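Chemist: My questions all concern the structure below.
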Amino acid sequence: MLFNPANKYTWIIESSTGNAVAYGWWQHAKGKTEEERAATYANRYRPEGMNKALMDVTSGARFLKRAKLLNTRDTLILKELYAYTEASKDGYGLYVKYGFEEVDRVTVDLEPWGGRPGELNSYGLLMRAARN
């Protein structure tokens with residue numbers, strides 16, 4: 001991901017400490033057919049030692065819902081066009097403040113994966129219409 005020229009990154013640095021406190025990631029997501037997205041999903045990066053089942057129920061679930069929401073539309077993520085993003089609970093309020101609306105959600109109980117009872121991994125899938 002870091003070396004993909006379609007991906008753009010920015011860091012938010014706390015000026016008093018010089019520590020990174022957040023980051024933003026966006027990309028120009030070309031519209032793809034269902035078959036193209038299925039091929040991308042089947043060939044996704046899965047390094048040795050990764051808990052593949054856990055990644056499938058977290059990131060994999062978000063990928064599949066993103067594919068359904070974006071369909072064949074070209075989308076520039078985090079720009080002033082029709083936009084899509086995924087937000088953890090920490091970033092959710094900021095996106096809503098700036099006009100994003102939750103259109104779906106992926107929530108996974110982490111207890112079967114070694115998490116504490118009741119520990120959840122949850123991401124809001126958010127979209128915002130173009131602004132004039």
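Chemist: If we keep just the residues of region 26-75 that are surrounded by 15 or more Cβ atoms within 10 Å (Cβ to Cβ) and among the charged types (D, E, K, R), which is modelled with the lowest pLDDT?
Modeler: Step by step, filter region 26-75, then rank; the result is Lys32.
Chemist: Something else now. Run down Gly99, Gly118, Gly93 and say which single residue is outside the structural domain of Lys32 (by the TED database), touching a helix residue (DSSP H, G or I) at 6+ places or on another chain (Cβ under 9 Å) and either over 19 Å from Ala38 (Cβ atoms) or modelled with pLDDT of 80 or more (or both).
Modeler: One residue alone meets the criteria, Gly118.
The values are calculated or read from the model by the stated rules, or taken from the named source; none is laboratory data. Just so it is clear, the structure is predicted and the values come from calculations on it, not from any experiment. Cβ coordinates were reconstructed from backbone atoms using ideal geometry, including for glycine residues, and neighbour counts include every protein chain displayed.
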